[in-house]
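The next block holds one structure in the form of structure tokens; read it before the comments.
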Amino acid sequence: MVRLGQNFLADPNLLDAIVRDAGVGEGDVVLEVGAGEGVLSERLAAARVARLHTVEIDRGLEAALAPIATLPNVTLHWGDAVKLDFADLDPAPDAMVANLPYSVATPVILKTIEELPSLRTWTVMVQLEIAERLRAAPGNRTYGAPSAVAQLACEVELLRKVDPAVFKPRPRVDSAILRLRRTGPGADAATRDLVRAAFAHRRKTLARSLEIAGLRGVPKPRGAARAGLAELGLPEDARAESLAPAQFAALSAILHREAD
């Protein structure tokens, strides 16, 4: 059965390919979320990484992971990655390599972007739909808040699609290996709030969506948003899906400049 939303990789060739795609080795500190039965963990440790922080929530896998936990370059963290304080990891990871449990893939990726500025790359197995969403361009129907927030910090690239047959049990959805490369610090808290509020009612204009959802620190968000969009040379009735990630950051700066 699927344990806590995770499908385990069963193809050794694909596991080896993920490690090659990640390009990690001696000197790297790696974060893995969703250790599962330890098959990817074992390969990452064997790549002679300086430290592998691997996270697993399911104590039912304790026996399977016991050999991994004894390796000298591995630290096994038991707990929920969505609640884990990644900033406490020591040494701080510079790469993330994981077969992410699909139910938490998006929040974990966004959380690590925000909480781990040390991370330079992510090489992660995710549901194909999530991969398409995170790399979607403005105007695409799958472009949304996760797309904008991820792309403010990273280049997002789909490396390869993955056949469901390589998992046990076989999932009902297609999968993909996704690579993110950090290009900057990413969105600040005000910009993240703006993006989420802007997409909260995506069928409405951005300004109207902000009015309904509210925007912390901006007392009259509808009027302020319309003025800010005009200042950026954008239509006052623009919808969130038409703004590029950088335009959200610019609009946030204008809104909070006006609020101050």
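No value in this document is a laboratory result; all are computed from the given coordinates. The shown structure was predicted, so the numbers you read here are calculated from the model rather than taken from an experiment. All Cβ positions, even for glycine, are placed from backbone atoms using ideal geometry, and neighbour counts span all protein chains on display.
Numbers for the structure displayed
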item: Helical contribution to [θ] at 222 nm, DSSP H n ≥ 4, -39,500 (n - 2.57), averaged over the chain, rounded to 500; result: -11500 deg cm²/dmol
item: Sorted peptide list for 106-113, 18-25, 164-171, criterion being average Cβ within 10 angstrom, highest first; result: 106-113, 18-25, 164-171
item: Rough spin-label spacing in nm, given labels placed 7 Å along Cα→Cβ, for Glu115 and Leu232; result: 2.8
item: FRET E, pair Ala165, Asn140, Förster distance 30 Å, beta-carbon r, rounded to 0.05; result: 0.55
item: Rounded to the nearest 20 debye, dipole of the chain from Cβ charges on Lys, Arg, Asp, Glu; result: 920
item: In sequence order, calculated HN-Hα J values of the stretch 18-26 (Karplus, 6.51, -1.76, 1.60; Hz; x Gly/Pro); result: 4, 5, 5, 4, 5, x, 8, x, 4
item: Angle in degrees between helix 189-199 and the longest Cα principal axis of the chain, rounded to the nearest 10; result: 80
item: By average C-beta atoms within 10 angstrom, highest first, the peptides 8-16, 219-227; result: 219-227, 8-16
item: For the stretch 1-108: rounded, prolate or oblate by the Cα gyration tensor [a/c cutoff 1.5]; result: rounded
item: Gyration tensor (alpha-carbon) shape descriptor, the stretch 148-225, a/c threshold 1.5; result: prolate
item: Tail fraction, Cα-Cα pairs, the chain, threshold 27 Å, whole percent; result: 41
item: Distance between modelled label sites at Thr75 and Ala244, nm, 7 Å Cα→Cβ extension; result: 3.9
item: Estimated FRET transfer efficiency (Arg48, Arg216; beta-carbon r; R0 35 Å; 0.05); result: 0.15
item: Per-residue HN-Hα couplings for the stretch 34-48 [Karplus 6.51, -1.76, 1.60; θ = phi - 60°; Hz; x = Gly/Pro]; result: x, 5, x, 8, x, 6, 6, 4, 4, 6, 5, 5, 5, 6, 6
item: Per DSSP, loop trypsin sites (Lys or Arg not before Pro) in the stretch 160-213 with at most 11 further Cβ within 10 Å; result: Arg172, Arg203
item: Rough spin-label spacing in nm, given labels placed 7 Å along Cα→Cβ, for Arg59 and Ala10; result: 2.9
item: Total formal charge among the other residues, if their Cβ is under 12 angstrom from that of Thr54, Lys/Arg +1 and Asp/Glu -1; result: -2
